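Novice: One structure, as structure tokens, below. Some questions next.
The values are calculated or read from the model by the stated rules, or taken from the named source; none is laboratory data. Since the model is a prediction, treat every value here as computed from it, not as a measurement. With ideal geometry, Cβ positions are generated from the backbone for all residues, glycine too; neighbour counts draw on all protein chains shown.
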Amino acid sequence: MVGMIWDFAKTTILFAVHTDVLLAASYATRHSPLVAIALATLLNSDVYWFSYRMALAITEPTKVSETEHPEPHAIVRVDRLRS
């Protein structure tokens with residue numbers, strides 16, 4: 001549970017810093033802060049929504065059969081039976 005809260009806190013901080021950077025840039029260039037907030041909302045939602053694709057692209061996962069790695073398959077099987 002603590003790990004989930006910490007992950008949520010890190011994500012919130014990341015989005016807040018990203019928004020602050022865009023707001024500072026809009027202030028420095030004398031553009032409307034509403035444009036920066038709209039852009040931050042769009043970019044943050046894209047990063048959140050597609051983060052799993054980025055993680056998969058970085059790690060380059062491959063499918064494995066149950067004969068190659070029986071342990072992870074057994075864990076998944078037990079978890080499915082519990083739910």
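Novice: May I ask you to verify whether Thr59 is touching a Ser or Thr at 6+ places or on another chain (Cβ under 9 Å) and modelled with pLDDT of 90 or more?
Specialist: Answer is no for this residue.
Novice: Could you please find all residues in the range 62-76 being exposed (fewer than 11 other Cβ atoms within 10 Å of the Cβ) and either of a type in the set (D, E, K, R) or touching an Asp or Glu at 6+ places or on another chain (Cβ under 9 Å) (or both)?
Specialist: Within the range 62-76, Lys63, Glu68, Glu71 qualify.
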